[in-house]
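Comments concern the structure below.
The values are calculated or read from the model by the stated rules, or taken from the named source; none is laboratory data. None of these values were measured; they are calculated from a predicted model. Heads up, the Cβs are rebuilt from the backbone with ideal geometry, glycines too, and the neighbour counts pull from every protein chain shown. The accessibility values were calculated without ligands, DNA or RNA, using every heavy atom of the protein model including side chains. Shrake-Rupley method; radii C 1.70, N 1.55, O 1.52, S 1.80 Å.
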Amino acid sequence: LAEDGYRLWQRYEQVQDAARLQAYRQALNELVVQGNSPTLTVAQQELQTGLSSLLGQPLAAVKSPTKQNILVAGTPSGSALVKELATAARLKPLGEEGYLLLTTAKDGKQYTVIAANTDIGVLYGSFHFLRLLQTQQDIGKLSLASSPKIKHRVLNHWDNLDRTVERGYSGFSLWDWHRLPGYIDQRYLDYARANASVGINGTVLTNVNANALVLTQDYLKKVAALADAFRPYGLKVYLTARFSAPIEIGGLKTADPLDPQVQAWWKQKADEIYTLIPDFGGFLVKANSEGQPGPQNYGRTHADGANMLADAVAPHKGIVMWRAFVYSEDEPDDRAKQAYNEFKPLDGQFRDNVLVQVKNGAIDFQPREPFHPLFGAMPKTPLMLELQITQEYLGQGTTLAYLSPMYKETLASDTYAKGKGTTVAKVVDGSVDKHRLTGIAGVANIGTDRNWTGHQFGQANWYSFGRLAWDHALSPEAIADEWIKMTFTGEQEFVAPVKNMMMNSHEAVVNYMTPLGLHHIMGWSHHYGPGPWIKDKHRADWTSVYYHRADEKGIGFDRTASGSNAVNQYFPPVAKEFGSLKRCPEKYLLWFHHVDWDHQVNSGRTLWNELCYRYSSGVDSVRQMQKTWDSLEGMVDRERFSHVKQFLAIQEQEAAWWRDACLLYFQTFSKRPIPQDLEKPA
Ligand code: GCU
């Protein structure tokens, strides 16, 4: 049997711990799922096959209890038993997606209850319950309630209709447009199951660099077939809307959002979509950015554009996710400032069903970025956080970088918008400004590779995105812990070192690529490998020298008052911190400051020596990961062991390449020696 990672974290292997196994077998004698719906059917299937496999014995599903120890799943409206066992008072606050896991007894019978207000809540609760067994937790006295903090938890696929994937490193697009709508690949269902298991409830099928063709009848029928396949799993379908579609496929002369004919075209298009897909989620739009058409082509604002689409989908309860990733063709004094400058003045002008989707940082998914200054700056507009799961700037398909700590760093950043504690997470979950419409997006790393994500450890980033989207209070350690146990094994001798390796992996990549706040010094256009020397492109902000600004004196982008003053876009306590050479967190130092080569940093080293040290320690960390992985041989199947081993060897070469290329290049400015004691041989 191929152990190629296809089953993700849903392997459901028999519980190893004998005492636990016995307790589980005793508590789970039969399964009762009352009620009838496609969602309950998949919940029942998942519980029955998952538990039979985890317990190593078949679990019977019946309509009413015949045994003493019963697992029951359902809603109070669909199941009399659930209504009796789960108190309404506990269920009510859990909303449309939350659930309750409960151990209770009645009439001499022992019950384990998975209860929710809705069928989809039951499915989410079922996956949580399975996770408890997969990670060998005690299920003896359950009393656990969970509901998502953010409403729309959405994957963004940058998939083209020809099945290539922009910034995709795991094969081609999952969507087999040619065979749709007639053929529903089992893979679509497995994809939906995986998403439901972590609470992802939306998927944008197409690239933000959009193709209007997907909005034509033929394609919409294919989209509808996917939506039908995903529906039982609570996964809504969205599409990207190309702003010029009324011209390209509608035969109009303009796409001006204030033109009544254009407005009518989009309304009619929305009606057509909703006829085919009654629960269509809405549109994601990239406009007036990197050559994409948009309202500014007609002298209109982003709000004009977003509102036109919002009005078209509003009667059907659709939403518009309008992206704030914009920067000008004309050489700007600082690309980092543009989104804020363009969007902040529009606060309050968007319709109720519009979210503005903001990347975690102001440049572009760099290995590390300080949080985007728009968070907290648009209190009247719900802001959706966009994270990148695919590793465009993080070594792409062959790099082991566990991104949960990076996501968490953004979520936990304090904007000070309403005083201390106004974190990005609280802006995004709506609690700061009392927004009910909330969202979070992750640019997917999923493709046709057998293991879905190219790198076996890329699965952990998909998984973490979902877990954090549901509950941003979770810790990256806890998420890694569950993922490892479900994906590989629960043996501590394996879990502890792998967790340690994962937890250090992102920092290692930052160190050997862009330490101390350096950014955007990758190879031109493809963003793979080092390219700090890139200059003389037709746009200054598409060169590397624009970002690192190395000269004989020092290195870094001065974004303080003496430079572009981008720091001023942050609320005063943050602006002061980032703007002070002394107080600026070292991880953002060269993001905000141009620093002398001989400036002394926290370690006591000069900046130049620290740079050398960081590059070199990044490489050392990868070598450490290799040693760790090698020491685990035999604890995981040969196929996945060898896959990771080979990728780590590639990563080690790339890390050394980054270190050597960057240090030798920057040395042409610093004219200082590379400290020899850092040059540890492999
Ligand atoms: C980056 C990426 C592009 C993508 C863009 C976006 O610039 O390199 O491929 O289209 O982000 O997010 O719109």
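Here's the yes/no breakdown for (1) touching a residue at least 24 places away in the same chain (Cβ under 8 Å); (2) under 23 Å from Trp658 (Cβ atoms):
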residue: Phe557; (1), (2): yes, yes
residue: Ser564; (1), (2): yes, no
residue: Asn568; (1), (2): no, no
residue: Lys582; (1), (2): no, no
residue: Asn609; (1), (2): yes, yes
Criterion: assigned by TED's automatic domain parsing to the domain that holds Tyr665 and open to solvent by 40 Å² or more (accessible area, probe 1.4 Å) - qualifying residue of Arg583, Arg614:
Arg614
Residue match in the range 645-664 (condition: touching a residue at least 40 places away in the same chain (Cβ under 8 Å), out of contact with any Lys or Arg (no Cβ under 8 Å at 6 or more places or on another chain) and under 20 Å from Thr489 (Cβ atoms)):
yes
Considering only residues of the range 643-676 that are among the basic types (Lys, Arg) and in contact with a helix residue (DSSP H, G or I) (Cβ under 7 Å, 6 or more places away or on another chain), which is farthest from Met522 (Cα to Cα)?
Lys645
Condition check: in contact (Cβ under 8 Å) with a residue 12 or more places away in the chain, over 35 Å from the mean Cα position of the chain (by Cα) and buried (at least 20 other Cβ atoms within 10 Å of the Cβ). Does Leu54 satisfy that?
no
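Residue by residue, here is whether (1) open to solvent by 20 Å² or more (accessible area, probe 1.4 Å); (2) of a type in the set (S, T, N, Q); (3) more than 16 Å from the ligand (Cβ to nearest atom) holds:
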| site | (1), (2), (3) |
| --- | --- |
| Val356 | no, no, no |
| Thr381 | no, yes, yes |
| Ala444 | no, no, no |
| Ala460 | no, no, yes |
Go through (1) within 16 Å of the ligand (Cβ to nearest atom); (2) in contact (Cβ under 8 Å) with a residue 12 or more places away in the chain and name the single condition Gly348 misses.
(1)
Could you list, in sequence order, the residues of the range 202-237 that are within 11 Å of Gly281 (Cα to Cα) and either small (Gly, Ala, Ser) or more than 16 Å from the ligand (Cβ to nearest atom) (or both)?
Gly202, Thr203, Ala227, Leu235, Lys236, Val237
Please verify whether the range 408-424 includes one or more residues that are farther than 23 Å from Lys344 by Cα and among the polar types (S, T, N, Q).
no
Given the residues Thr87, Thr66, which is the only one that is under 36 Å from the mean Cα position of the chain (by Cα) and farther than 19 Å from Leu132 by Cβ?
Thr87
Residue list for the range 320-334, filter: buried (at least 24 other Cβ atoms within 10 Å of the Cβ) and in contact with a helix residue (DSSP H, G or I) (Cβ under 7 Å, 6 or more places away or on another chain)
Val320, Trp322, Ala324
Within the range 151-192, of all residues that are more than 16 Å from the ligand (Cβ to nearest atom), under 20 Å from the mean Cα position of the chain (by Cα) and open to solvent by 50 Å² or more (accessible area, probe 1.4 Å), the one farthest from Lys221 (Cα to Cα) is Lys151
So for the range 26-46 (the condition being surrounded by fewer than 21 Cβ atoms within 10 Å (Cβ to Cβ) and closer than 18 Å to Ser143 by Cβ), does at least one residue qualify?
yes
